[in-house]
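One structure is given here, and the rest of the page talks about it.
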Amino acid sequence: MTKPLIGSFQLMKSLNRSLVLTTIRSAGPISRAEIAKRTALTPPTVTNIVNELIEEKFVVESEIGASSGGRKPILLKLNAQAFSIVGVDVGVGAIKTMLTDLDANVIGESRRPLPPRPDAETFLDELKRAVAERIGEAGPDRPVVGIGVGMHGLVNPEEGVSVFAPNLHLRQLPIRDSLEEAFSLPVYVENDVVAMALGEQWFGGGRETDHFICVNIGVGVGAGIVLNRTLFRGSSYSAGELGHTTVDLNGPRCSCGNYGCLQTLVSGPAIAEWVQNEIALGRRSSLEPGEAGSLGAITGERVYEAALAGDELALEAFRKAGRLLGIGLTNMIHTINPQKIILGGGVAQAGPLLTEPLAETVRARALESSVRHLTIETSRLGDRATAIGAVTIVLSRLFAQPHLGAEGAAR
Ligand SMILES: [Zn+2]
């Protein structure tokens, strides 16, 4: 069922096809003549490509356009509902999968819990099961054209390998190869925050933005960087390790071996741990465990709920995390000078409790010239940001980015 699609997908890499399809996606409904004008391709070339795209159901004739004197042109549009994409968000403790159409409209999604310390085989089996569920949902009327995976930790996107997934304690997972073997579909794997940044660029706050940083604050802290509208991955796919920048020389020890890394102070577990320690030292809080309870039961989520209910210790935990995050981000702002910072991940869901002290710190510390055009906002894609991002990895292979034109299509 899927083999021929792989063929057509690969053909999409042809520059002209990608340009035509992208023009139809971004400017449709659009006439053949207008496509020729915008792409600078000859009308016969456009006609040939459009015929192929119609035959393969990627494009449909939609309506009759206004006449500019002669015969009224037939307009073309993307047949977004004819195909689907599977996006996978591999996080801590769970695999989230999503099925969307070519416009990233969600058709189905679910969350599959992972055992605490799965071995590589168990993990890959769970992953395949989760993906199979979504492919089943797509059915024959809406065939899947590709699978995108946003994977936490260090990822080699060229080989589709998870090099190191610290929260799963796994290394060298051949994600692309095992999914391609199981489903005969093209598979693309990226780091979760890189995927998130791509999703924000296409469907969230990163649209029409040249330079932005997407920051994920959850169990760890990482950043996806877009410079000149292009993802910046670094020389060994390791750019954006914001969580391991030092913000407190005398801070707690990090899993990386250093002291005072940003993520030892602002991640969800770090916020919970700080509250636990303060209570152990005698601070009063509504979070104090009763006779039978233990401090370990205090999680980031519970601290958030207590903060909403006005608990002073919980409020202080978020003020402190916001300030430290502001310091970490100021370092990054001074290095990159972005127009926008988009905050995502579990801790970012705390909203103003976190973002107000954060913005205040940035205002107080950053050079005026570095923040003149800066806005800081919370992701509009919420906890779907990584899965939407994973879908976008596939879309970005299928379509040239309109603003990049031929250059983008060639990538
Ligand atoms: Zn570290």
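Rule-based calculations on the coordinates, nothing more; no lab input. Model, not experiment: these values are computed from the prediction. Ideal geometry is used to build each Cβ from the backbone, glycine not excepted, and the neighbour counts take in all protein chains shown.
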Lys pairs, the stretch 3-78 - Cα-Cα below 18 angstrom, 8 or more residues apart or on other chains: 6
Among beta bridges that DSSP assigns inside the chain, antiparallel share in %, nearest 5: 65
Estimated [θ] at 222 nm from DSSP helical runs (n ≥ 4, -39500 (n - 2.57)) normalised by residues in the chain, nearest 500: -13000 deg cm²/dmol
Percent of C-alpha pairs per 5 Å bin, the stretch 3-78, short to long: 3, 16, 28, 27, 14, 7, 3, 1, 0
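Looking only at the stretch 80-224, where both bridge partners belong to it, what percent of the DSSP beta bridges are antiparallel (to the nearest 5)? Can you show the working numbers first?
Details: 23 of 35 bridges.
Among the beta bridges of the stretch 80-224, antiparallel pairing accounts for roughly 65 percent.
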FRET efficiency, 1/(1 + (r/R0)^6) with R0 45 Å, evaluated for Arg283 and Ala132 via beta carbons: 0.35
Per-selection metrics, the stretch 109-214 (Cα): Rg and Dmax in Å: 14.8, 42
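Above 15 angstrom, tally the Cα pairs of the stretch 133-188 and express them as a % of all pairs, no decimals. All intermediate terms of the calculation are to be shown ahead of the outcome.
Values: 785 of 1540 pairs.
When all Cα pairs of the stretch 133-188 are counted, 51 percent exceed 15 Å.
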For the chain, alpha-carbon Rg over 2.2 N^0.38 Å: 1.08
Gain on full stretching of the segment that runs from Arg171 to Ser238 - 0.36 nm per residue minus C-alpha separation: 22.6 nm
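Tell me the Kirkwood radius of the stretch 190-335: reciprocal of the mean inverse pair distance over distinct alpha-carbon atoms, in Å.
Values: mean 1/r = 0.0604 Å⁻¹.
Final number for the Kirkwood radius of the stretch 190-335 is 16.6 Å.
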Axial C-alpha extent at least 15 Å, average Kyte-Doolittle at least 1.6 - helices from the chain (DSSP): 385-398
GNM top mover of Ile341, Ile30, Ile74 - the chain, alpha-carbon springs below 10 Å: Ile74
Per-peptide average of other Cβ atoms within 10 Å, ordering 363-375, 164-176, 182-194 highest first: 182-194, 164-176, 363-375
Taking the C-alpha atoms of the stretch 255-411, convex hull volume expressed per residue in Å³: 164
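Determine the dipole magnitude for the chain: charges of +1 sit on the beta-carbon of Lys and Arg, -1 on that of Asp and Glu, nothing else is charged, the reference point is the Cα centre, and the result goes in debye to the nearest 20.
Charge dipole of the chain: 1120 debye, to the nearest 20.
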Taking the chain and dividing mean pair separation by its residue count, relative contact order in percent (alpha carbons under 8 Å, at least six apart): 17
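Kindly rank 349-357, 104-112 from highest to lowest mean number of other beta carbons found within 10 Å of each residue. Can you show the working numbers first?
On the way: 349-357: 18.7, 104-112: 15.0.
Output ranking for 349-357, 104-112: 349-357, 104-112.
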